[in-house]
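Working notes, structure below.
The values are calculated or read from the model by the stated rules, or taken from the named source; none is laboratory data. What you see is a predicted model, and the numbers here were worked out from it, not measured in a lab. Note: ideal-geometry Cβ built from the backbone for every residue, glycine included; neighbour counts use all protein chains shown. The accessibility values were calculated without ligands, DNA or RNA, using every heavy atom of the protein model including side chains. Shrake-Rupley method; radii C 1.70, N 1.55, O 1.52, S 1.80 Å.
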Amino acid sequence: MNLETVNITATIIQNKQTGSAGYIAIPFDVKQTFGSTKPKIVAIFDNKFTYRGSLVKYGTPFHMLLIRKEFLQQLNKKNGDEITVQLSLDKEERTVIIPDDLESALKQHQLYELFCTMSYTHRKEYVQAVVEAKKPETRASRIQKCMSILKKK
């Protein structure tokens, strides 16, 4: 079939398995529809909030779209609520802008190339942890923690 965009209405289900706030079960054959078993997608929730992610299976017979707690809060939704979602294949390159201080630390510890080979999601999470720090000492501490974790890889 290979469609570009699919609109669905689904109920938000509490996700006990992954620890995230919730998910919606995808009610169609993802491979047949998007041509992949793990497609990168753009999801637009209730025509208000856009999210870039993937449709995944976490040991389930169906694909799901995980919905983080902060997304539900922004949408004023909770588990059990219905939500409309427009799903489209994400064809844009996924890039992460690395802050200068994190980039310097990565290069100093000879971890820059390793960092650049990591998945978009992992790179994004490391950068988010650093840029969301409110105090300079917290930011520095988070950069050092990133270096410690990456050295173990």
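Would the range 40-51 turn up any residue that is open to solvent by 70 Å² or more (accessible area, probe 1.4 Å), within 19 Å of K124 (Cβ to Cβ), in contact with a Leu (Cβ under 9 Å, 6 or more places away or on another chain) and not aliphatic (A, V, I, L, M)? Spell out how you get there, then give the answer.
To start, the set of residues in the range 40-51 that are open to solvent by 70 Å² or more (accessible area, probe 1.4 Å) comprises 40, 47-48, 50.
Applying the additional criterion that residues be within 19 Å of K124 (Cβ to Cβ) yields 40, 50.
Of the ones still in play, those that are also in contact with a Leu (Cβ under 9 Å, 6 or more places away or on another chain) are 40.
This time we only want the ones that are not aliphatic (A, V, I, L, M), so: 40.
Looking for residues that are open to solvent by 70 Å² or more (accessible area, probe 1.4 Å), within 19 Å of K124 (Cβ to Cβ), in contact with a Leu (Cβ under 9 Å, 6 or more places away or on another chain) and not aliphatic (A, V, I, L, M), one finds at least one in the range 40-51, hence yes.
Of the residues that make up the range 79-96, is at least one assigned to a helix (DSSP H, G or I) and in contact with a strand residue (DSSP E or B) (Cβ under 6 Å, 6 or more places away or on another chain)?
Within the range 79-96, none of the residues are assigned to a helix (DSSP H, G or I) and in contact with a strand residue (DSSP E or B) (Cβ under 6 Å, 6 or more places away or on another chain).
List, please: which pairs have Cβ atoms under 6 Å, are six or more places apart or on different chains, and start with a residue in the range 63-84 that is within 22 Å of K38 (Cα to Cα) and in contact (Cβ under 8 Å) with a residue 12 or more places away in the chain and end with one that is of a type in the set (S, T, N, Q) and in a helix (DSSP H, G or I)?
Going by the 6 Å Cβ cut-off, there are no qualifying pairs.
Taking the range 1-34 as the search range and keeping residues that are outside any strand (DSSP E or B), farther than 19 Å from P61 by Cβ and open to solvent by 50 Å² or more (accessible area, probe 1.4 Å), which one is modelled with the highest pLDDT?
Applying the filter and picking the extreme gives E4.
Within the range 41-94, restricting attention to residues that are closer than 11 Å to Y23 by Cβ and among the hydroxyl-bearing types (S, T, Y), which residue is modelled with the lowest pLDDT?
Y58
Restricting to the range 91-131, and then to whatever is acidic (D, E) and under 29 Å from K38 (Cα atoms), can you tell me which residue is surrounded by the fewest Cβ atoms within 10 Å (Cβ to Cβ)?
So the residue we want is E93.
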